[in-house]
Each structure stands twice: as structure tokens, then as C-alpha cells.
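Novice: Have a look at this one.
Every read-out reported here was derived from the displayed coordinates using simple, explicitly stated rules and does not represent laboratory data. All values reported here derive from a predicted model rather than from experimental measurement. Neighbour counts run over all protein chains shown; Cβ positions are idealised from the backbone, glycine included.
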Amino acid sequence: MTAESTLPTGRTNPPTLSKNLSIVSWTLQLVAAGILLQTLYFKFTGAEVSVYIFEQVGMEPWGRIGSGVAELVAGVLLLVPTTVPLGALLALAVMAGAIASHLTVLGIVVQNDGGELFALAVVVFLASAAILAIRRNQLMELLRTVGVIRQ
């Protein structure tokens, strides 16, 4: 269950999460952020597999560095309570690109990794989608605050 409060201005605070949903969300946030942040070392140091991947999709080095920056930002946003939905949106978008690259250019298995990179992208994608579902009210309030949507 969620609770909603009305502010003196007539606007409402987004409903708070139940304890169980909060635990689920934070678990998913930590998993997604952990994966995103852990892979940065490989992108930013020019590890062989990262360079290979971005050469295959025709985006080396800028795609590798740019996606690393996007993943860094998403990982941090996932750990800051007020920006969790934005981090989940960004992670979802970046992982959609990674999954699409695997399915269209790279294949599931890259350099004999057993599909590990593809699986990690799918885990982050699904975790981010679940976070957005859990925190949809917080996302809507953020979008209202910045003027993307009106109500």
C-alpha cells in the first residue's frame, strides 16, 4: 500500500513505497548499479573485449567512452533516492542499445564469454524496468516537476 499527502499548494507528494516494495526496489537498484559501475573499468581502460565490441558496431572509441559515461551517470542516479527513476530510465535506454547490438551485430556470445555480457545487459534492463514499475509515481512527479508532463 502507498500513502499520499496533499501539500498546501494543492499538489500531492508522490506516494511512498511500502517497506517490501522499497526493499525490492533497493535490491534491484544495487544490482543494476553494481553491474553498470563494475563494467566501467573495462570501458575506460580500453580493455580488449570493449574495444572489440565497439569496433564491431563502428563506434570505437567514442561509443565506448560515451556509453561508459552514460552508464556511470545511470549507476549514480540509481543510488540517489530522488533520482532513482531517472537512473532507471537511462539504464533502460543504454541496455536496450546493448541488447540490440548483441542481437543484430555481435551475437549473444562475444569472444567466448559464454553470453555473460549479454546476460548482464538483460539483467540491468529487466531490473531497470521493474524499478520504473515500482517507482512509477515518483517518475511521474519528477516529469511534472521538470515540466515534461502537466496535471
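Novice: How big is the gap, in Å, between the Cα center of region 30-74 and the Cα center of region 121-143?
Specialist: Rounded to whole Å, the Cα centres lie 22 Å apart.
Novice: Could you compute the FRET efficiency for MET140 and ILE65, with r as their C-beta to C-beta distance and R0 at 41 Å, rounded to 0.05?
Specialist: The formula returns an efficiency of 0.80 here.
Novice: Using each residue's phi in region 37-50, evaluate 6.51 cos²θ - 1.76 cosθ + 1.60 at θ = phi - 60° and report the 3J(HN,Hα) Karplus result to the nearest Hz, with x for Gly and Pro.
Specialist: Each residue's phi maps through the Karplus curve to give 6, 5, 7, 4, 3, 5, 5, 7, 9, x, 4, 3, 5, 5 Hz.
Novice: Extension gain ALA47-THR27, at 0.36 nm per residue separation less the Cα-Cα distance, in nm?
Specialist: Length difference between fully extended and current span is 4.3 nm.
Novice: Helix-derived [θ] at 222 nm for the chain: sum -39500 (n - 2.57) over DSSP H runs of at least 4, divide by residue count, nearest 500?
Specialist: -21000 deg cm²/dmol
Novice: Can you run phi through the Karplus equation (6.51, -1.76, 1.60; θ = phi - 60°) for region 107-120 and list ³J(HN,Hα) in whole Hz, with x for Gly and Pro?
Specialist: Karplus-based 3J(HN,Hα) across region 107-120 equals x, 5, 9, 10, 6, 6, 7, x, x, 4, 5, 5, 4, 5 Hz.
Novice: How long, wide and thick is region 23-151, going by the Cα atoms along their three principal axes, in whole angstroms, largest first?
Specialist: 48, 28, 25
Novice: Still on this structure, I have one more. Starting with the fewest neighbours, write out ARG150, ARG64 ranked by other beta-carbon atoms found within 10 Å of each beta-carbon.
Specialist: Final ranking by Cβ density, sparse to dense: ARG150, ARG64.
Novice: For ALA93 and SER18, what does the FRET efficiency come to when R0 = 30 Å and r is the distance between their Cβ atoms, rounded to the nearest 0.05?
Specialist: Working from the Cβ atoms, E equals 0.60.
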